[in-house]
C-alpha cells in the first residue's frame, strides 16, 4: 500500500543498514482511512476496471457465505482488510479469484472498500448445525488458554479477549464462519514459513483442534459458550 | 522428629534453570530424582496467557514473580561498620520464585563471557603488570576453568534455546555483521537475529560513524520458529514487549518451561514437589558426606529427604545462605580475609543513557523484546587499553527498548516535574520519541563485599536472613563513568537527537531501591584452591563431595554480560562430569 509506505519513509530518517529494521510506521488516521461512501459503491457495483461487486459473494451487509467459505467482513479491521487485498494482489496470499479483483483495485479503492466493510455492524447468522458441547469446550480451552502439550498459546493472546481482534493488525475471529477459519488454518499450516507465527501455530494444531477452535469462535457472537 | 521419605539418588534444592538442566541431562541415567521447589508449579499454558500475563502493575511494579520478601528477605548494609536492615521490597535486583525460577522472567539476553573473564587475574597482570592490578585493591581471581573448556557447553545451551544472533567469530574467523570482539565460537547461532528496532538503527548509524562495531544482541526470544535437539518446539517472538518481569505467553522465550521441564517431567524417575521450603543440608557424622535435606512442606510438616547426592541450585543468595545455615564450609571473615563461604560477592555495574528526539521521530518502543538491542562491545571487558585509566573491566553499550510499558517505561528529560500537569505534558510529548541505551558492565570482587548470616533478622521459619555487605568498588565506579561518557557521545550522535541524559546506578552508596540488574554473583565461588574457593570447577563442594552448588554463586567476579548463558554452560559442564565420571566413581572430581 503505497500511501502507508510513503508515510513510513517520510517519518523515518534514512538509515542504511544491512539488517531488517522494524518500520518506523506512523499509524495516523489518514494512513488507512478510506472513504466509506465510495467503498459502499465498489461493494455494490464493482469498478469499471473489471472488478466484480464484492457484495456478490461477501454480501452488501458483509456477512459473507458460510457454505462457500466466504468470510464475514463486517466489522473487521480496515487495516487488516487492506493488508489482505495487498497480499492477494502481490501473490503473498494465494487465491486466484481475489488476486484478480485485488490487482484491479487502486490503493485508494482498497482503502475505501475496506473502510466500508469495517464500518458495518451487521447481525450474525446462526450456526448451521448444533455443535457438541465437548467440541466447544475444547475450542474454548484452546482459544483462552492454549495447550501446553502442543506448545500452542491461546488464540486470544493476540486476537484479543473473545477473539474480538487487536486492531489494526490482528483480525477479529468472533462470529467468523468456522469452515472459513479451518480453511485458513490449513492454508497457514501449508506455508512452511518459520518467520510467520501463524504457520507455527496452525501446523501444531490437528484437524480436530482446528474444527473445535473454529466452531467455538463462530458461535461466540450468538450464544452462551464464552 | 521429621518424617523421612524414601531415599533417592539426587535431590535438587530449587527448581529453576540450573536444576532443571542438570536433571534433564541425567534423565537417561536411571537415577531417581526429586526436585524441591519452594514456590508453585506453573506452565506456559494455562498460567502465562494473556491478558492476565501482561499486567504491568502486578508483575513489573508489584513483582508478583519474585521471592516473597515478607517471608524471606535479605538484609543490606554498605560497609562492615553499619547495621544491616532488611530489604522489604525488591528494587535493584529481582530474585525469582516458583517453578522455573528467574528463568521465567528473564529477558533472554544470551551472551557468552569473554576468554579473559575466566582468567581475569592472570590476564590483567600480564597486560598491565602486577603493580597496576594490586593497586586496585580487588580480590579477583581466575575461575579454574578456561573458556575453551566451556565452549562446547555454551554451544549446547545456545542450541537448546535456539538463540537468535549473528556470530562475530567462528573458530577465529571474524564474521561480518557479528561482534568482532566475541570469543571464538564453533558455529553460527541456531537462528538469525531479531528485527532491529528503530532505536537500534539510529544507534547503529551513530556508533558506526564513531568507528565502533555495532551488532545485533544475541537473544533467547526467538526470531523464527525452532525445534531444538531434544525435539522441543519454540515459536517466533511477536515483539509484544513483555519479557522482563513477565513470562512469555507465546512459547517464544527459552525458559525452563520451554526447554528443560518438558523433558524432565516426562521421566518416570523424576518427581517434582512444590511448596517445599528447604532449611538444611544434612550430613553424616564425618561431616564430609551429605545425607539429604530437611524441608517444610506446604502443610508445615518437617520432612527429611535422604539422597546420595544433593544439588543446591537456588538464586545465588540462597545457595550461599543454605551453605551457611548448614554450616558447610568455613564462613568468610572480612577482617582476616580467611574463610570462603560468602567471599567474593559481586554484582553488575550499570547506567542508562537516553536521547530525546523530536516528536516526528517515532521510536515505537512498544514493539519490543527482552533482547532486541543493537550494541557495541568496543568498551566491554578488556577490549580497550586500560593503562591510562586506572581501572579494569568494562561495559557493553546497548540500544534497546524491551517494551513501552506505560507505568515504567517512559523516561523524561532532566528537570521534568515528577508529578502534576508538567509531568503529564512531558509524558505526552516524549513517549515514543526517546532513544534508550543500557551500559552494562563488570563487577569486581573486593575484600569488603561479602555475604553472611544476619545476626538480628530472621525469616518466617525462624532462620537468620542472608546479610549482604556491598557497595560499588572505586574500580567499578571509574569504569562505569568512563563507559557512560562513551554512551553519551553515541547518544548525541544519534540522528535527530536533541538532548541526552544519563543515570549512573554504579555509584556509592549502592541504591537497593532502584532496578539495576538481577545478576548477583559469587559467595560460593569456584576455583582451584580450597582456601580461596567453595567449589571446584565442576561446582562440587570441596568439603562435601556429594554436594554440588550450581549457578552464578560460583563466579569469582562478574563479567560484562548478562550471565544466564555462562552459568548454564557451567551447569552443562558439571552435568557431563557427573554423568561421565562422578556416577562411576562418586568422590572428588578434582
Rounded, prolate or oblate (a/c below 1.5 giving rounded, otherwise prolate when a/b exceeds b/c) for the range B:97-159 by Cα gyration tensor: prolate
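Would you mind giving the three semi-axes, in whole Å and largest first, of the ellipsoid equivalent to chain B according to its Cα gyration tensor? Intermediate values should be presented prior to the final figure.
Values: eigenvalues 261, 139, 120 Å².
So the equivalent ellipsoid measures 36, 26, 24 Å along its semi-axes.
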Nearest-ten-degree value, helix B:147-161 long axis tilted from longest Cα axis of chain B: 80
C-alpha long axis of helix B:316-325 to longest principal axis of chain B, angle in °: 30
Between helix B:474-493 and chain B: long-axis angle, C-alpha atoms, 0 to 90°, nearest 10: 40
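Once you keep just the Cα pairs under 8 angstrom separated by 6 or more residues, what percentage relative contact order results for the range A:133-220? Walk me through the numbers on the way to the answer.
Values: 133 pairs, mean separation 30.6, N = 88.
Rounded, it is 35 percent for the range A:133-220.
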Mean separation of Cα contacts under 8 Å (6+ apart) over length of chain B, as relative contact order %: 23
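Using DSSP, restrict attention to beta bridges with both residues in the protein assembly as shown and report what percent are antiparallel, rounded to the nearest 5.
Values: 59 of 88 bridges.
Rounded to the nearest five, the antiparallel share is 65 percent.
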Percent of C-alpha pairs per 10 Å bin, the range A:133-220, short to long: 19, 57, 23, 1
Per-residue Cβ neighbour rank within 10 angstrom, fewest leading, B:61, B:310: B:61, B:310
222 nm mean residue ellipticity, helices alone, for chain B (DSSP H n ≥ 4; -39,500 (n - 2.57); rounded to 500): -6000 deg cm²/dmol
Cβ-based exposure ranking for B:549, B:27, B:590, in which fewest neighbours within 10 Å come first: B:590, B:27, B:549
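Provide B:326, B:219 in ascending order of the number of other Cβ atoms located within 10 Å of each residue's Cβ, fewest first. Write out the running numbers ahead of the final one.
Working: B:326 22, B:219 32.
Fewest-to-most Cβ neighbours within 10 Å comes out as B:326, B:219.
Give the shape of the range B:45-186 as rounded, prolate or oblate, defined through the alpha-carbon gyration tensor: a ≥ b ≥ c are the square roots of its eigenvalues, a/c under 1.5 means rounded, and otherwise the shape is prolate if a/b is larger than b/c and oblate if not. Don't skip to the end; give the middle numbers.
On the way: a/c = 2.86, a/b = 1.24, b/c = 2.31.
Judged from the Cα gyration tensor, the range B:45-186 comes out oblate (a/c at least 1.5, b/c at or above a/b).
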Normalised alpha carbon radius of gyration of the range B:446-573 [divisor 2.2 N^0.38 Å]: 1.35
Rg and Dmax [Cα atoms of the protein assembly as shown; Å; Rg one decimal, Dmax integer]: 28.4, 95
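With the contact rule set at Cα under 8 Å and sequence spacing of 6 or more, what percent relative contact order holds for the range B:11-54? Display every interim value, and only then the final one.
Numbers: 22 pairs, mean separation 20.2, N = 44.
For the range B:11-54, the relative contact order is 46 percent.
The numbers here are math on the coordinates, done by the rules we state, and not lab data. These numbers were taken from a predicted model, which means no experiment stands behind them. Neighbour counts are summed over all protein chains in view; Cβ atoms, including those assigned to glycine, are modelled from backbone coordinates with ideal geometry.
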